[in-house]
Every structure is written in C-alpha cells, then in structure tokens.
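First the structure, in the form of structure tokens, and then the observations on it.
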Amino acid sequence: MFSSIIGYLLRFILLAFAQVMILNNVHLHGLFNPYIYPLFILLLPFEMSALLVLIVGFLSGLAIDFYSNSLGLHAAATTFMAFVRPQMISLLKPAAGYQPEDRPTISSMGFLWFVVYASVLIFMHHCVFFMMETFSFHQALFVISKMAVSTVVSIVIIIALQYLFYKRKRISLT
Amino acid sequence: MRNLFSFIYYYRAFFLFLLLEVICVSLIIQNNSYQRAAFLNVGDEVVGRTFSVYSEVTGYLNLGEYNKELAMENAMLRSNQATSFYTDTSAVSVKKDTAGRQFYSYIPAEVIQTSTNKMNNYIIINKGRDHGIAPRMAVISPTGVVGIVKHVSAHFSSLYSLLHSQVTVSARVRRDGSRGTIKWDGESPEFINLEEITRQEQLHNGDTIFTSGVSRIFPDDIPIGTIERFTLKEPGNFYDIRVRLTANFRRLDYVYVVNNLMSGEMDSLINKTENVQ
C-alpha cells in the first residue's frame with residue numbers, strides 16, 4: 001500500500017516535470033498546448049473512492065498551477081475531470097465487471113477501452129481548462145478548435161507513453 | 001434535518017466537487033490578472049451586465065447612506081455661509097410723519113420654514129419677541145396676505161398660514177366693496193374660498209379681493225387674490241367664490257409682520273363694550 005502511494009507520487013512528479021519543463025513550452029502557432037499530466041488521474045486505481053480522487057485531482061492540478069504560474073486554472077480542470085471519472089468508469093464497465101487486479105491502463109483493459117476512457121476525460125479536462133483560460137465567449141471558434149487539436153495531441157502522447165512504459169512492464173511481469 | 005444530512009452525504013462527491021471548483025475559480029480570478037480583467041471588464045457581456053445591475057442595486061440600497069452623507073456635508077457648508085448667521089439687527093420701519101399718528105409698523109422677516117401640502121400649514125419666520133413681534137399680528141408679503149402670528153420665541157415666530165383651516169380673514173371685493181370672509185378648504189395652495197357674499201352683489205370673474213380692514217389685525221387694502229369663478233350656492237343666499245391667491249405660498253421668502261400700534265387701545269375699548277353688554 002505504502003509503496004504504491006510512493007509509486008503514484010513518483011509518477012506524478014515525473015509527469016508534472018515533463019509537463020512543466022517540456023510541454024508547457026510547446027506552442028505551435030498558439031494552436032495547441034498538449035497536457036499530459038492528467039494521465040496521473042487517469043491511472044489512479046479503480047477502487048479509489050470518488051472523494052479521494054476529487055481531492056487528489058484538485059491537489060495535483062494545484063501543484064501544476066504553482067509551476068505554470070496560473071493558480072487555479074489546472075486545478076479547476078483536474079477537479080472537473082476527477083469528478084467525471086467515476087461516472088466514466090461505471091459507464092465503461094465490462095460485462096464481467098472490474099476484477100480486483102484490473103488497472104485503468106491499455107495493458108490491463110485493452111486499447112479501445114483506454115482510448116475511449118482517456119479521450120472523454122482528457123477532452124473534459126481540456127474543455128474546462130481552455131474555457132477558464134479564455135474566460136469569455138470571444139473567439140469561441142478558435143477556442144473550440146484549440147480544445148479539439150490539443151485533445152488529439154494530448155491523447156496521442158498519452159497513448160504513446162502507455163506503450164513506452166506499460167507494455168514492457170507487462171511483458172516483464174509475465 | 002437528518003434528511004438534509006443524508007442528502008448531503010449521498011451527494012458528498014458532488015458537493016466536494018462544487019466546493020473545489022469554487023475554490024479554483026476564486027483562485028483564478030484572484031491570482032491571474034487576465035482572468036480578473038476579463039471577469040471585471042466584460043462590458044456588454046452577460047457577466048458585466050449582471051455586475052452593473054448588481055452595483056446599481058447596491059447603489060440604490062446605499063442611496064440613503066449617500067443622501068445622509070451629502071446632507072451632512074451640505075449642512076456643514078451651509079453653516080459656514082453668511083446667510084446662516086443670525087442677523088440680530090432688524091430695521092423696523094416706522095413712518096415718522098408729524099401730521100398723522102402711526103397706526104401700523106412693519107417688521108421685515110425671512111421665512112425659514114413653510115409648508116403648503118397639509119390641511120393646517122404653518123410658517124416659521126426668523127424674527128421673534130426680541131424684534132417686537134407678538135401673537136395675533138398679521139403677516140403680509142409683497143404679493144399679499146400670508147398669515148397670522150401664533151407663537152413667538154425670542155428669535156423666531158410661528159404663523160398660521162392663510163392656508164390653515166382655523167384662519168379666516170375679512171375681505172372685500174374692491175370694485176363694489178362687498179364684504180366677506182376668506183377661508184381655505186385644504187385643496188390647492190393656489191386657491192382660497194371667499195364666503196358670506198350675498199346674492200345681491202354683482203360679481204365678475206377677475207374682480208380683485210383685498211383685506212377689508214375691519215379685522216383690526218390686517219391693515220386695509222392688502223391684496224389677497226382675484227375671483228377665478230363663482231357660483232350661487234343652491235339652497236341659500238350666498239355665493240360660492242373661488243379666489244386665486246396672489247401670494248405664491250410655495251415660494252414665500254421675505255415677509256412683513258404688521259404691528260398694529262393701537263391694538264391695545266382698540267382691544268380695551270372692545271372689552272369694555274362687551275362687558276357693558
């Protein structure tokens with residue numbers, strides 16, 4: 001239990017580092033800003049209570065905010081995402097239900113399941129984030145296209161990360 | 001209460017979510033200058049409109065406070081003005097005519113408070129006992145009859161305005177000298193009723209009404225008004241006459257208090273006569 005907490009914490013630190021140091025500096029014509037740190041919330045265990053997910057989501061967003069100099073922006077997005085996550089999980093429940101050893105990863109739940117799961121939640125996150133960032137209905141079309149493009153890029157990176165780290169892990173485990 | 005708690009407990013995740021989002025938004029607005037600017041300067045957008053409505057509403061709610069502050073400031077400024085210093089000297093104009101005895105003397109005064117919208121209207125003037133004013137003196141303005149002094153203090157006097165249900169003044173129509181009594185009916189501060197003119201008199205619209213001088217309070221020939229219209233009261237002998245007042249009671253400013261120098265002599269004579277009866 002304790003080691004798994006350390007593991008999640010380490011994962012968050014790594015993701016946050018990549019986000020703040022690398023991806024926050026990627027602005028292609030201002031069209032998209034990919035955000036991959038929500039992967040941390042995506043990967044929290046299934047059996048974690050909704051309240052705890054909310055609090056963890058809020059705190060992780062707040063931590064990113066401290067480094068991005070945008071206090072509250074990421075926290076609002078991650079909190080919303082964390083709130084939607086349990087609904088999403090129960091919506092995508094397989095016919096047999098979730099097994100105790102299941103993890104919300106590609107290796108555990110399959111590619112399709114993970115893509116749907118990640119796409120919806122990341123899109124939610126990006127929607128809230130970009131709406132909060134713009135904070136008005138000016139340039140709505142630009143903001144929407146920014147949401148869409150950023151979501152696609154973020155999901156591609158997140159899936160790539162999954163294959164980078166977890167596929168191999170599964171092979172090594174089995 | 002238990003239901004409420006169980007409701008909150010059941011939706012605890014949602015409430016926590018709401019709470020966290022509120023914290024986020026408040027953090028965003030407080031800490032990010034762009035969002036704060038967007039939040040406060042949206043102008044004609046919904047948020048801005050809501051805020052302007054809100055500030056208007058709070059502005060109205062605070063109007064009482066603002067008024068009080070302004071009134072305080074006005075009072076302070078006014079109390080520093082020259083007009084707020086009480087002038088203790090008063091030139092009582094007395095005719096120094098060696099040929100005739102002085103009958104009336106006039107004391108100039110300023111109206112400091114007046115009303116026209118009540119059934120019984122009062123006027124306060126800024127001269128009192130120290131300036132020789134006594135109860136039952138007449139008060140006139142350059143444009144006509146104003147009222148009768150009721151109470152006096154050292155520096156101020158209160159008058160029964162002509163627009164007072166208890167005040168009657170003897171009047172006459174100047175053209176033919178027919179006498180009546182004027183009395184206010186409480187309706188309009190521009191009109192007064194002339195009563196007790198018998199049907200034998202010939203009246204015309206526009207006839208001027210003056211004081212008759214028989215009341216020994218008002219001097220003779222002080223203007224009161226002009227006849228606006230008159231009808232014959234059906235069961236009776238008298239006219240119903242509407243008189244347009246010449247004095248504008250809404251804008252009374254300077255008035256004269258009329259001191260009948262021989263009122264004491266006249267009163268004692270009348271008392272003697274009545275006692276004899």
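The values are calculated or read from the model by the stated rules, or taken from the named source; none is laboratory data. Values in this document were obtained by computation on a predicted structure and should not be read as measured data. A quick note on method: Cβ atoms are made from the backbone with ideal geometry, for glycine too, and the neighbour counts reach across all protein chains shown. These area figures cover heavy atoms from the full protein model, side chains too; ligands, DNA and RNA do not enter into them. Shrake-Rupley method; radii C 1.70, N 1.55, O 1.52, S 1.80 Å.
Please give the helix A:2-17 orientation as an angle from the longest Cα principal axis of chain A, in degrees from 0 to 90, rounded to the nearest 10. That helix lies at roughly 30 degrees to the long axis. Site pair B:Arg244 and A:Phe111 shows an inter-label distance of 10.1 nm when each label is modelled 7 Å from Cα along Cα→Cβ. Note: relative contact order over segment A:4-131, using C-alpha pairs below 8 Å and six or more positions apart, is 23 percent.
Orientation-averaged projection of segment B:168-249 equals 5.1 nm² [convex hull of Cα atoms, one quarter of hull surface area]. Placing dummy labels 7 Å off each Cα toward the beta-carbon, the span from B:Tyr254 to A:His138 is 6.3 nm. Mark the label point 7 Å from the Cα of A:Met48 along Cα→Cβ and return the residues of segment A:70-97 whose backbone N is within less than 17 Å of it. Under cut-off, by backbone N: A:75-90. Site pair B:Thr116 and A:Asp102 shows an inter-label distance of 8.8 nm when each label is modelled 7 Å from Cα along Cα→Cβ. When only Cα pairs below 8 angstrom with a gap of at least 6 residues are kept, segment B:168-249 shows a relative contact order of 29 percent.
Could you list, in their original order, any pairs among B:Lys150/B:Lys183; B:Lys150/B:Lys272; B:Lys118/B:Lys183; B:Lys183/B:Lys233; B:Lys118/B:Lys150 whose Cα atoms are separated by more than 23 Å? Distance filter (> 23 Å) returns B:Lys150/B:Lys272.
Sorting B:His164, A:His138 on solvent-accessible area from highest to lowest, probe radius 1.4 Å, gives A:His138, B:His164.
Would segment B:136-277 count as rounded, prolate or oblate if I go by the C-alpha gyration tensor, calling it rounded below 1.5 in a/c and otherwise prolate when a/b exceeds b/c, oblate otherwise? Because a/c hits 1.5 or more and a/b fails to exceed b/c, segment B:136-277 counts as oblate. In segment B:144-208, Cα pairs under 8 Å separated by at least six residues give a relative contact order of 22 percent. Using all pairs of distinct alpha-carbon atoms, the Kirkwood hydrodynamic radius of the protein assembly as shown works out to 31.0 angstrom.
Put B:Arg2, B:Arg250 in order of accessible area, highest first, and with a 1.4 Å probe you get B:Arg2, B:Arg250.
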